[in-house]
Amino acid sequence: MNMSENDFLLQVQQLKKYFYRERLFSSDREPIRAVDGITFSIRRGETLGLVGESGCGKTTAGKAILRLIEPTSGQILFKGGNILDLNREDLRRLRPHMQFIFQDPYESLNPRMRVGEIVGEGLEVHRMAQGREKAERVSEILEKVGLHPGDAMRYPHEFSGGQRQRIGIARAISLHPELIVADEPVSALDVSIQAQILNLLMDLRDQLGLTYLFISHDLRIVKHISDRIAVMYLGKMVEIANGEDLFRQPLHPYTQILLQAIPKLDPSGRSQEPLLREEFRPHSLEKGCLFQPRCPHSKERCQMEEPLLMDQGEDHLVTCHFVS
């Protein structure tokens with residue numbers, strides 16, 4: 001499908017975020033490539049699920065996109081403008097349009113602030129509402145996420161985990177954002193509550209015209225909420241596809257292994273072959289495919305040449321020399 005530039009709300013191009021650690025008895029610093037040149041786009045009103053193992057760089061990518069941490073290099077185009085070119089004041093004005101939902105509903109809320117203060121703080125900081133108008137806006141937002149207006153006078157410790165995450169969602173939507181980065185928003189919740197929060201997020205997307213980057217390690221959850229899914233491995237993007245296509249015909253060996261690892265009700269249907277070679281994190285690997293040390297289909301070319309993210313048709317992108 002051919003898309004114009006105006007169809008995309010967010011375009012991320014060759015985004016990198018490196019951290020550095022000192023080497024013992026040396027002045028050299030070793031780079032840790034948390035995010036290493038990822039490229040993807042999100043259409044307006046779309047939910048893109050970003051998945052991968054813990055430590056693959058998903059959360060770092062999400063925070064770098066909103067400049068909660070500063071990227072090392074790359075471009076982040078929001079409505080066509082590169083937000084890495086913005087100064088502090090311009091970035092502050094952009095903040096209401098791009099919001100973040102944190103993973104831990106217990107740590108992300110200030111225990112000394114009442115719920116009304118938490119949800120309404122952004123309205124006051126950005127001079128969108130004050131006094132009675134702010135109180136009315138907070139009441140409306142709390143009702144929208146399934147809470148009672150009277151909850152504005154209570155403190156976070158008086159709520160359950162699911163209710164706290166609703167407060168976090170209320171804070172995120174209070175400024176009428178266009179893009180929300182949701183970082184594992186249900187992973188800390190009981191399974192029975194996860195479905196409620198996911199349904200809330202989908203309802204809000206439809207009601208408010210939101211666009212989501214939904215970060216998770218759980219492919220089942222991502223499949224439920226996402227239009228397209230992007231798979232990360234060791235800081236790099238290895239596959240991007242429509243959700244249905246990815247589950248029906250995964251092309252990258254890593255994606256295939258992730259799908260095989262999803263628990264099944266019928267244990268006889270599980271493969272008896274080892275899914276992965278012994279885990280190896282090649283931070284210093286300078287050439288070849290990063291996945292090849294663990295790939296069951298690795299060949300000599302994989303050790304010498306890094307594959308590029310190529311379109312295999314129907315907007316199904318994959319980095320593999322030997323697409324199967």
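Only the coordinates and a few stated rules stand behind these numbers; no lab work does. Everything quoted here is computed from the prediction, not taken from an experiment. For neighbour counting, all protein chains shown are included, and Cβ atoms are generated from backbone atoms with ideal geometry for every residue, glycine included.
At a glance:
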| item | result |
| --- | --- |
| Residue with peak Gaussian network fluctuation, the chain [Cα springs, cutoff 10 Å], from 191, 181, 115 | 191 |
| Dipole of the chain [Lys/Arg +1, Asp/Glu -1 at C-beta], most positive-end residue of 217, 20, 295 | 20 |
| Candidates 182, 61, 152: whichever shows maximal mean-square fluctuation once the chain is modelled as a Gaussian network with Cα springs under 10 Å | 152 |
| Listed residues 172, 64, 195, most fluctuating in the chain (Gaussian network, C-alpha, under 10 Å) | 195 |
| Pairs of lysine residues in the chain - Cα separation under 23 Å, sequence separation of 8 or more or cross-chain | 23 |
| For residue 236, residues with placed amide H under 5 Å, excluding near neighbours | 36 |
| Check: the chain dipole with +1 on Lys, Arg Cβ and -1 on Asp, Glu Cβ, in debye | 560 |
| Prolate/oblate/rounded call for the range 142-225, Cα gyration tensor, a/c under 1.5 rounded | oblate |
| MRE, 222 nm, helices only [DSSP H, n ≥ 4, -39500 (n - 2.57), over the chain, to nearest 500] | -8500 deg cm²/dmol |
